[in-house]
1. When Pro319 is evaluated against the numbered criteria (1) farther than 23 Å from Arg370 by Cα; (2) of a type outside the set (A, V, I, L, M); (3) within 16 Å of ligand 1 (Cβ to nearest atom); (4) not in a loop (DSSP other than H, G, I, E, B), which criterion, by number, is the only one it fails?
2. Counting only residues that are within 16 Å of ligand 2 (Cβ to nearest atom), within 19 Å of Gly296 (Cβ to Cβ) and open to solvent by 40 Å² or more (accessible area, probe 1.4 Å), how many does segment 362-385 have?
3. Just one of Ser199, Ser257 is small (Gly, Ala, Ser) and touching a residue at least 12 places away in the same chain (Cβ under 8 Å); which is it?
4. Mind checking which pairs have a first residue in segment 297-322 that is within 16 Å of ligand 2 (Cβ to nearest atom) and a second that is part of a loop (DSSP other than H, G, I, E, B) and of a type in the set (D, E, K, R), Cβ under 8 Å, 6 or more apart or different chains?
5. Restricting attention to segment 39-58, which residues are of a type in the set (Phe, Trp, Tyr) and surrounded by fewer than 24 Cβ atoms within 10 Å (Cβ to Cβ)?
6. Taking segment 257-279 on its own, how many of its residues are within 15 Å of ligand 2 (Cβ to nearest atom) and within 17 Å of Gly476 (Cα to Cα)?
7. Here is a check on your reading of the model: is Tyr324 open to solvent by 40 Å² or more (accessible area, probe 1.4 Å) and outside any loop (DSSP other than H, G, I, E, B)?
8. Looking at this structure, is Ile223 within 22 Å of Ser190 (Cα to Cα) and crowded, with 23+ Cβ neighbours inside 10 Å?
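The values are calculated or read from the model by the stated rules, or taken from the named source; none is laboratory data. This is a predicted model, so every value here is computed, not measured. Cβ sites come from the backbone with ideal geometry, for glycine too, and all protein chains shown count toward neighbours. For accessibility, only protein heavy atoms count, side chains too; no ligands or nucleic acids. Shrake-Rupley method; radii C 1.70, N 1.55, O 1.52, S 1.80 Å.
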Amino acid sequence: MNITKQFSPSVNNNDKFQYETFHDDEKFHDACGVFGIYLNDCDKDAAPLIYYGLLSLQHRGQECAGMAAVKDGTMECRKGLGLVSEVFTPQVIDQIKGPAAVGHVLYSTAGTNIIENAEPFVSRFKLGSVAVAHNGSLTNADVVRELLEDAGVGFASTNDGEVIVNLISRNYKKGLERALIDTIQSIKGSYALAVLTESALVGARDPNGIRPLCLGQLDGGWILASESCAFGAVGGKFVRDIEPGEVVIINRDGVKSFSLGEKIRRAVCTFEYVYFARADSIIDNVDVYGARIRAGEILARESGVEADLVIGIPDSGVPAAIGYGRAANIPFGLGIVKSKYIARTFIAPGQIQREKAVSVKHSVITSEVRGKRVVIIDDSIVRGTTMKRLVEIIRAADAKEVHIRIVSPPVLCPCYFGVDTPHRKDLISNGNSVPDLCKSLGADSLAFISVDGLLESLAPSGSSKTHGYCLGCFSGVYPIPVPQKFNG
Ligand code: 5GP
Ligand code: MG
């Protein structure tokens, strides 16, 4: 979500301050995780399962966590700042009653992690209650918000999820299905939704399927999750991906699915495979771990270099390094250790804090790299902060040569669909040739995988033909129009 025009007249000074702070530097985006449970037995509680589901989606957002559950027409919602285990103590989980529930982990740019932005958003109105957990970013949220405000709706947050819940509740008098159809026809951009009503759990994915969403099954119930890695944690099994443009309604009659049928063209975010997703997930029939291994192999074929050791930057660089090492016949080793206890550094508020955080996050195993020609593989270079620091510490550990290989093409353009990328001017590949960038990072060589190479790595299993992907951050060509004023 871009917050350029997102503030209602009722914002307080704190909100305004936050908006101004970020506007120059960052876009307010969130690539989050959603999770939903529907249990057939009304005497059971879904909250403990939501807890485990959210824990396995924690990599998708570490700023806020929340869940809403419904029992006998009463909807209860709890959310807070922090990790899932911090927000949901056993005592809190115990208080959340009901056989159906949705949960959310929020990933926002630093400074926006105000509690008001935590999801799910609940709307209570005369026909009932609805809760919405959203992953993605709407490109027309400002227009829809303005229309709703003109109609008297007040907003407490800057979050797209609140826009969506208000649209659903306004349309609810036409019935759930009509309300969902009307809502979905009013919103543009990327969305993977888990919606809870008093009698149903609903999943919906935007017509391009930019963000992932899948359906799983439990003994006596159903699951919706951003990633299939969450099913095992609750004893469930993967059933299928929700298709682009598909809506599923889960209630006591089972699962009903319909497609909005309009302008459906798959354009799954490539960054889900490159960086976001957990390696044990399968998204749209593409195994994330396998795709990362293949990307490494392809990169070795495209940009091989003589070396003694290949190391991968944890977490997403590691499978790619294994693939690179195998294809190039160079030993793979663990040259870099990552602290498990520091959250992702990409979102630290300023450059100095980001550099500090990177230093704490990664350290080098000197005995592994000393005297060697080392290839370091990372998933991406965005601002260049991480890579610059890595080259420094590997050189300081007396590596003979340092070669950088990156398993995504240069990131040249912002993402408008939910990945938190900085403004164009802060993307280090923008305006820097590869040789210049190599020099400024202090490496002996630098190469990125080609766009065709990346697409080759993402072929669905059993097929050599790739399906549609969004490559907007590499090419500036987006699957749906991006408002001009955002395009900067
Ligand atoms: P840089 O340090 O160049 O700004 O960012 C690149 C590093 O950030 C890579 O190590 C990559 O794993 C990570 N990264 C890439 N995309 C994202 C993102 O959307 N969010 C976060 N938190 N990290 C990212
Ligand atoms: Mg990284």
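1. (1)
2. So the count comes out to 0.
3. Ser199 is the lone residue from the list that is small (Gly, Ala, Ser) and touching a residue at least 12 places away in the same chain (Cβ under 8 Å).
4. Ile313/Asp379; Ser316/Asp379; Gly317/Asp379; Ala320/Asp379
5. Tyr52
6. Result for segment 257-279: 1.
7. Answer is no for this residue.
8. Judged against the criteria, Ile223 is a match.
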